[in-house]
Amino acid sequence: MAVSTYPLLEIDLSIIEKNIKVLLKKCASWHLHPVVVTKGFLADAPLVYLFYRSGIRSFADSNLENLLHTKKLLPPEVRLSLIRLPMKEEVEEIVAQGIIPFVSHWEMVEALSCEAEKQGKVLPLFLALESGDAREGFLPEEIEEMEDKIDDFPHIKVEGICSTLACLSGVLPDEEILERLVAFKKGWEEKWGRKIILSVGGTTFLSLWEKEKEIKGVDEIRLGEALLFGNDISRGRNIEWLESGAFTLKAEIVEIKSKEPDRGKETGFDAFGEPGFSPEAGKRKRMILALGKQDSDEHQLYFADENAKIVGATSNYLVIDIEESNRVYQLGEVVQFQAGYGAVLRAFLSPYVRKVYHW
């Protein structure tokens, strides 16, 4: 059976390698340990190998399957963290494979401790702290009881505390948030008489170090977007000392026609429950690409033709208005987009998008 050439995701490893080298130097100067988040590319082997060869020794992911895949690829000394709160069905495998989980419930801490006792192990874990994004983490009122309660679980070891911002509510990290996290860390270090790690994520935290140059008390930063894309979407900026353009998504034009939706009919919602878009007045020339929501995220595709506009997408099609374009497009022509995080994530998830690496 013939396999379609397109849609095609091209990955330029040389750009990502440059970003790794720059970020490693920056993190060293800021006394930060970098952790690579692999969920954006499903821990695909060429990228995992690239990060490891470049000196990265800590990897994190939201999916246990990706971490187990990474574990098979790399030497045993590599540290692997599950940054999505674990499900109960994953507890046995987490302990058996030595995966470091992030947790936000005492019930889960107890479940992990019981399983670690059963397997004759002591499991390291991170306590997730809520810092304002209203996502995962122990609440402020729960934090005070942590110091005494953690002693009830002899088969777990708190390796560190962690916090994530700008992922759900868009709350950005600032100096006040970091000071609060550092204060928690120092208090627990004094009580337990040992050092613990303060881990923050993600890329949006970098701006604090760029501004302050040195922030004491934070030990590591979890990064994905900066390494892969050279930007910080939470703050709407390209990071000037990093490079972008590592991911190019290509798709074929399967129709070019001038069309206008029937304005005399009642309109409802599209196939995904969203309100129908408001078309431009009159007939408009459109091209349709064999690339849909199942393959990518149209909101994070960037087209070089400034006079063309992405109208919308269905499961299988991307529709682009080219009425004002100065270019002459042809049926069967392949066009390309620079792809952002959401577009790349979905492309890696789609079995219909071919992935090709190059230098």
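Once the other residues with Cβ under 9 Å from the Cβ of residue 84 are scored (Lys, Arg +1; Asp, Glu -1), what is the net sum? Could you put the intermediate results ahead of the total?
Working: positive: 39; negative: 61, 136.
That sum, taken over residues with Cβ under 9 Å, equals -1.
How many angstrom separate the Cα center of segment 50-104 from the Cα center of segment 3-28?
If you average the Cα positions of each part, the centres end up 21 Å apart.
Give the whole-number value, in cubic angstrom per residue, of the convex hull volume spanned by the C-alpha atoms of segment 300-350. Mind showing how you got there, number by number?
Details: hull volume 4.8 nm³, N = 51.
Spelled out: Cα convex hull of segment 300-350, divided by residues, is 94 Å³.
Rounded to the nearest percent, how much of the accessible area of the chain (1.4 Å probe, protein heavy atoms only) is carbon and sulfur? Walk me through the intermediate numbers first.
Working: 8860 of 17840 Å².
Carbon plus sulfur share of accessible area: 50 percent.
Let's test this: bin the Cα-Cα distances of the chain at 20 Å from zero up to the farthest pair and state each bin's percent.
Per 20 Å bin, starting at zero, the Cα-Cα P(r) for the chain comes out as 26, 50, 21, 2 percent.
For the chain, what is the calculated [θ] at 222 nm in deg cm²/dmol (nearest 500), taking -39500 (n - 2.57) for each run of four or more DSSP H residues and dividing by its residue count?
Working: 11 runs with 103 residues, N = 359.
Rounded to the nearest 500, the figure is -8000 deg cm²/dmol.
Rounded to the nearest 0.05, what FRET efficiency is calculated for residue 331 and residue 10 with R0 set to 22 Å and r the Cβ-Cβ distance?
So the FRET efficiency works out to roughly 0.45.
Starting from one equal scatterer on each C-alpha and no solvent at all, send me the Debye-based log10 I(q)/I(0) for segment 18-143 at q = 0.11, 0.12, 0.17, 0.23 Å⁻¹, two decimals.
These q points yield log10 I(q)/I(0) values of -0.43, -0.51, -0.95, -1.31.
Run down the aspartates and glutamates and flag those whose C-alpha is under 14 Å from the C-alpha of residue 157, throwing out any fewer than 8 positions away in its chain.
Once the sequence-local aspartates and glutamates are set aside, what remains near residue 157 is 110, 115, 117, 147, 148, 189.
Straight-line reach only, C-alpha to C-alpha below 18 angstrom: list the aspartates and glutamates that residue 25 could link to, leaving out same-chain residues fewer than 8 apart.
17, 210, 212, 214, 219, 220, 225, 240, 243
Determine the per residue accessible area of the chain with all protein chains present and a 1.4 angstrom probe, expressed in square angstrom.
Values: 17840 Å² over 359 residues.
Heavy-atom accessible area per residue stands at 50 Å².
Cross-link partners among aspartates and glutamates for residue 309, C-alpha distance below 17 Å, same-chain residues fewer than 8 apart left out?
In chain and number order, the partners are 252, 255, 260, 280, 297, 298, 321, 323, 324.
The values are calculated or read from the model by the stated rules, or taken from the named source; none is laboratory data. Here the structure is a predicted model, which is why all the values come from computation and not from measurement. Note that we place each Cβ from the backbone using ideal geometry, even for glycine, and neighbour counts take in every protein chain shown. The area values use the complete protein model at the heavy-atom level, side chains included, leaving out ligands, DNA and RNA. Shrake-Rupley method; radii C 1.70, N 1.55, O 1.52, S 1.80 Å.
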